[in-house]
Amino acid sequence: MIRVILNGLGAVGQDAGRLLLKKSYLECVGAVDTDPAKTGKDLGDILGVDRKLGIKVSTSLEAVVAQGGADIVLDSTHSFVKDIQDLIFTSVRGGLNFVSSCEELGYPAAENPGLAHQIDELAKSHSVTVLGTGTNPGFIQDLVPLVFLGCCSKVKSITARRLNECSALGAATLRQFAIGETSEEFDRQVANGSLVSHVGHPHSMTMIADALGWKITETKRTLRGWVSRTRRQGAFFTVEPGRICNVETVTTGYRDTGEKAMTFSITMLFAPTAEAKKEDADNGLKQGDFLVIEGEPKIEVSMSGLDRAVSMTGARLVNSLPFVVQAKPGLLSQKDFPPFAPVE
């Protein structure tokens, strides 16, 4: 039995929690969230299951870890490593493995090698494992390319494009992409560098480059927004006509040879209605995932059905648990693991 603490009960954390309860080899022994509307309540009520679980949602991961009886923390709180480093340190010093949907934790050495080394050394000293995984990073634009690269005798460049329908996401996540803003506000955020948009492309690129024996010495990012002609009303958010509805993030990575090595893009499509989808199609925006490896041989892959990012991320986290608790100690990445499968 693998005993799990859930840290973060947003959309991904709740999805992961409901899936966790269905696994006979997993047991939830604690839950943490800083939202006052959730703390103190029974976890069963938060997850919307038909029973009480006898687990009160705490405000403090440190307090839950100190109670003992857990093997791993499943975290789904932030995108940046600096925002979860205290959570990692608390878990590791408590002797617990740590798996997170934090995008930067997918390969933190890409932009913060000092902190990555610190996490790695601490995890090794406590004989536990730390992993960042999810849908992207964690699968679509890092693990999938790695799998197909194994068919090549030579690789020149990699292009990965993702067009993802995002109308099921909440306002906080959508504002990270400036969806719903005016075009003037979008341009202002792009110009001053405050637009977060997609997090993780440099990390995925660096992980793939390390697997290939390449060195990425420079990355460049460009952002583009589309203005909606129609009102787009989603489950939790509405984009009015004349506001930004779709945002594309393109990151290009260059090798130390000066050659363009990788171009990764993700376009967030807020298209909750048939009318919105038609408008996007007229603009050449068709949902799906596409991979092109220029090499010997040239490989082109088109994928569909990968649009449920929240539930897919929750599944990736839960499916990783039996692999993480058995892995070698340290800060690991997706290239250190076999593909995760949904063990019954």
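Return the long-range amide H neighbours of residue 140 (sequence gap of 5 or more, or a different chain), with a cut-off of under 5 Å between placed amide H atoms.
none
For segment 37-119, what number results from the quotient of the Cα radius of gyration and 2.2 N^0.38 Å?
For segment 37-119, the normalised Cα radius of gyration comes out at 1.24.
Which of the lysines could a cross-linker span from residue 335 if the Cα-Cα distance has to be under 23 Å and same-chain partners fewer than 8 positions apart are dropped?
Excluding near neighbours in sequence, the set is 82, 124, 154, 156, 215, 260, 298.
Given the C-alpha centroids of segment 99-176 and segment 210-255, what is the distance between them in whole angstrom?
The two parts, judged by their Cα centres, are 17 Å apart.
Using 0.36 nm times the number of residues separating residue 278 and residue 182, minus their current alpha carbon distance, what extension gain do you get?
My answer for the length gained is 32.4 nm.
Pick out, from 130, 112, 186, the residue whose Cα sits farthest towards the positive end of the charge dipole of the chain, with +1 on the Cβ of Lys and Arg and -1 on the Cβ of Asp and Glu.
The residue sitting most towards the positive pole is 130.
Under a GNM of the chain (C-alpha, springs under 10 Å), which listed residue has the highest mean-square fluctuation: 330, 44, 253?
44
Expressed in nm², what is the orientationally averaged projection area of the convex hull enclosing the Cα positions of the chain?
For the chain, averaging the hull's shadow over all directions gives 17.8 nm².
Using just the helices of the chain, give the 222 nm mean residue ellipticity in deg cm²/dmol: DSSP H runs with n ≥ 4 each add -39,500 (n - 2.57), and the total is spread over all residues, rounded to 500.
-9000 deg cm²/dmol, from helical runs alone.
Please state the charge dipole magnitude for the chain, taken about the Cα centre, from unit charges on C-beta atoms (+1 on K and R, -1 on D and E), reported in debye and rounded to the nearest 20.
360
Can you list residues whose amide H is under 5 Å from residue 129's amide H, if they're 5+ apart or on another chain and H is modeled 1.01 Å from N?
Those qualifying (amide H under 5 Å, at least 5 residues apart or on another chain) are 97, 98, 330.
Can you pull out the chymotrypsin sites (Phe, Trp or Tyr not before Pro) in segment 232-264 that DSSP calls coil and that have at most 16 other Cβ atoms within 10 Å?
Within segment 232-264, the qualifying chymotrypsin sites (Phe, Trp or Tyr not before Pro) (loop, at most 16 other Cβ atoms within 10 Å) are 236.
What FRET efficiency would be calculated for the residue pair residue 63, residue 286, taking the C-beta separation as r and a Förster radius of 51 Å, to the nearest 0.05?
0.60
Whose amide H sits under 5 Å from the amide H of residue 53, counting only residues 5 or more places off or on another chain, with H placed in the peptide plane?
Here 43, 44, 45 satisfy the definition.
For segment 137-148, just list the computed ³J(HN,Hα) in residue order, Karplus coefficients 6.51, -1.76 and 1.60, θ = phi - 60°, integers in Hz, with x standing in for Gly and Pro.
x, x, 8, 5, 10, 9, 5, 4, x, 4, 4, 6
About the Cα centre of segment 143-305, how large is the charge dipole given +1 on each Lys and Arg Cβ and -1 on each Asp and Glu Cβ? Please answer in debye to the nearest 20.
In debye, rounded to 20, segment 143-305 gives about 60.
Take the Cα gyration tensor of segment 143-305, multiply each eigenvalue by 5, square-root it, and list the three semi-axes largest first, rounded to whole angstrom.
Computed over segment 143-305, the values are 32, 18, 12 Å.
Can you compute 3J(HN,Hα) from phi for each residue in segment 221-230, using the Karplus curve 6.51 cos²θ - 1.76 cosθ + 1.60 with θ = phi - 60°, rounded to whole Hz and x for Gly and Pro?
My calculation for segment 221-230 gives 10, 10, 10, 9, x, 10, 9, 7, 8, 10 Hz in order.
Pick out, from 40, 285, 219, the residue whose Cα sits farthest towards the positive end of the charge dipole of the chain, with +1 on the Cβ of Lys and Arg and -1 on the Cβ of Asp and Glu.
Ranked along the dipole, the leading option is 285.
At each listed q (0.15, 0.18, 0.24, 0.25 Å⁻¹), what is the log10 of I(q)/I(0) that the Debye formula gives for segment 123-185 modelled as equal alpha-carbon point scatterers?
Evaluating at q = 0.15, 0.18, 0.24, 0.25 Å⁻¹ gives log10 I(q)/I(0) of -0.78, -0.89, -1.06, -1.09.
Using the Karplus equation 6.51 cos²θ - 1.76 cosθ + 1.60 (θ = phi - 60°), what ³J(HN,Hα) coupling, rounded to whole Hz, does each residue of segment 94-110 give in order, writing x for Gly and Pro?
Listing the rounded values in order: x, x, 10, 5, 9, 10, 9, 7, 3, 4, 5, 5, x, 6, x, 4, 4 Hz.
Read-outs throughout are calculated quantities, based only on the coordinates presented, and are distinct from any laboratory measurement. Remember, predicted model here, so these are calculated numbers, not experimental data. We place every Cβ from the backbone using ideal geometry, glycine too, and count neighbours over all the protein chains shown.
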